[in-house]
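Chemist: Sharing a structure with you now.
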Amino acid sequence: MGEPPQSLRFDLGRALSGLKGRKTALIYMHDNPDPDALAAAMGLGSLFEYELGATVTLAHGGIVGRAQNRAMVDTLKVALTPVEQVDPDAFEIIALVDSQPETGNNSLPVGHRIDVVIDHHPLRPGSARAAWCDVRSDFGATSTIVFEYLRARGAPVDAKLASAFFFALRTETRDLGRESTDAEREAYLALVTRVDHGLLYRMSHPKVPCAHFAALDRALRSAQVFGEIVAVNLGTLGYPDLVAEIADLLLSYESARMVLCIGEYEKSAYLSLRMEADNARAGAVMRHIVAHDGAAGGHGTMAGARLFATVTSQDALEATFQEMVRRLLEVLGHPPTVGEPLLRLNDPRK
């Protein structure tokens, strides 16, 4: 794999020495994991197997809902275990990737022992209790950090794992166009010759369920425009990741600089926020508008949240949506206003 990257600034040898002799590892990802979380977990598991001879279990809460995420799991045959089926006390190593303790977006029990935290989001206080805490908020992907580990230790990276890392980098940074750094670019170039492009194609071009088109139809019919902001209430979701999928899509609208989506899945409200790169403060904005009403996280151009209150009806969801929009306009200094429909469906020119 060539020389270890110069950007490696974590004492990996010391971190691994601290785990020596431990033979069972449980690796948590954030709930409803995306390719970056999946690849980082796969890579860390490979490192533990190579360096420690450990048996590894990859665990997640929620579901793998988004079409590309499911395609990655199915194509690469990633062995995942629902958190309901694991007892964290039965493992000698507890790790968390692409998330941090007590952020509300993972299923690590609150206050539980944590040995390893690896993430690229802003540092949270709960991470400090992990002896192995490597949080690099200046990086574009958690997978980049884990890939650096493998390169530094000379660990094997086969075509399957290389394809996982490469796919994660592509999706997380939109082909290095969003929040990528020199580290992502270096990893991208190191991986491209090792990728199985057949696997990559199947992950990149998945079939999508009917729920995707139903949500898209609702989004186009109900999206509201507030100047350069597009906001939409998607109602009931087929899977939580739909809010992020639709937010990504609507950001391509020529007048949009920011998109806020909300929807309900199993009586919980999920939000997704997307921003253009020249106004990259989505994580801070999302945490402000959610405040104490939910768990929010993210960074420059994208953020997500889940609200604590149970959604009791579609009217209640609409009221929550209106409140989130009001707070968003307020934090941006945008005067209160009534949104205009994105599409005027009765316009004969449409």
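The values are calculated or read from the model by the stated rules, or taken from the named source; none is laboratory data. Just so it is clear, the model here is predicted, and its values are computed rather than measured. Here the Cβ is made from the backbone with ideal geometry for all residues, glycine too, and neighbour counts use every protein chain on show.
Chemist: Which condition from (1) over 27 Å from Arg170 (Cβ atoms); (2) surrounded by 17 or more Cβ atoms within 10 Å (Cβ to Cβ); (3) free of Cβ contacts under 8 Å to residues at least 24 places away in the same chain is the one that Glu266 breaks?
Modeler: (2)
Chemist: Could you go through region 58-68 and let me know if any residue there is assigned to a helix (DSSP H, G or I), at pLDDT below 95 and not hydroxyl-bearing (Ser, Thr, Tyr). So that I can check it myself, show each step before the final result.
Modeler: Filtering region 58-68 for residues assigned to a helix (DSSP H, G or I) gives 67-68.
Then drop every residue that is not at pLDDT below 95, which leaves 67-68.
Adding the requirement that they be not hydroxyl-bearing (Ser, Thr, Tyr) leaves 67-68.
Yes, region 58-68 contains a residue that is assigned to a helix (DSSP H, G or I), at pLDDT below 95 and not hydroxyl-bearing (Ser, Thr, Tyr).
Chemist: Test Val225 against the stated conditions and say whether it is outside any loop (DSSP other than H, G, I, E, B), at pLDDT 95 or above and touching a helix residue (DSSP H, G or I) at 6+ places or on another chain (Cβ under 8 Å). Steps first, answer last, please.
Modeler: Numbers: outside any loop (DSSP other than H, G, I, E, B): yes; at pLDDT 95 or above: yes; touching a helix residue (DSSP H, G or I) at 6+ places or on another chain (Cβ under 8 Å): no.
Answer is no for this residue.
Chemist: Checking the conditions here, which among Ala277, Ala282, Ala309 is closer than 20 Å to Val135 by Cα and either aliphatic (A, V, I, L, M) or surrounded by fewer than 24 Cβ atoms within 10 Å (Cβ to Cβ) (or both)? Spell out how you get there, then give the answer.
Modeler: On the way: Ala277 fails: closer than 20 Å to Val135 by Cα; Ala309 fails: closer than 20 Å to Val135 by Cα.
Going through Ala277, Ala282, Ala309 in turn, just one is closer than 20 Å to Val135 by Cα and either aliphatic (A, V, I, L, M) or surrounded by fewer than 24 Cβ atoms within 10 Å (Cβ to Cβ) (or both): Ala282.
Chemist: Then there is this: Of the numbered conditions (1) within 23 Å of Ser313 (Cα to Cα); (2) out of contact with any Ser or Thr (no Cβ under 6 Å at 6 or more places or on another chain); (3) basic (Lys, Arg), Arg257 fails exactly one; give the number of that condition.
Modeler: For Arg257, the failing item is (1).
Chemist: For Ser204, only one of the following conditions fails: (1) in contact (Cβ under 8 Å) with a residue 24 or more places away in the chain; (2) closer than 17 Å to Gln314 by Cβ. What is its number?
Modeler: Every listed condition holds for Ser204 apart from (2).
Chemist: Looking only at residues that are part of a helix (DSSP H, G or I), in contact with a Pro (Cβ under 6 Å, 6 or more places away or on another chain) and not aliphatic (A, V, I, L, M) in region 128-171, which one is farthest from Tyr28 (Cα to Cα)?
Modeler: The residue in question is Arg151.
Chemist: Select from region 298-348 the residues that are touching a His at 6+ places or on another chain (Cβ under 6 Å) and in contact (Cβ under 8 Å) with a residue 60 or more places away in the chain and list them in ascending order. Explain how you work it out, then say what you get.
Modeler: As a first pass, look at region 298-348 and keep what is touching a His at 6+ places or on another chain (Cβ under 6 Å): 299, 331.
Scanning region 298-348 gives a single hit, His299.
Chemist: Within region 116-128, identify whether any single residue is in contact with a His (Cβ under 6 Å, 6 or more places away or on another chain), polar (S, T, N, Q) and crowded, with 17+ Cβ neighbours inside 10 Å, and answer yes or no. Outline the logic, then answer.
Modeler: Our first condition is that a residue be in contact with a His (Cβ under 6 Å, 6 or more places away or on another chain); within region 116-128, this holds for 121.
Filter again for polar (S, T, N, Q), leaving none.
Within region 116-128 (the criterion being in contact with a His (Cβ under 6 Å, 6 or more places away or on another chain), polar (S, T, N, Q) and crowded, with 17+ Cβ neighbours inside 10 Å), the answer is no, since none of the residues qualifies.
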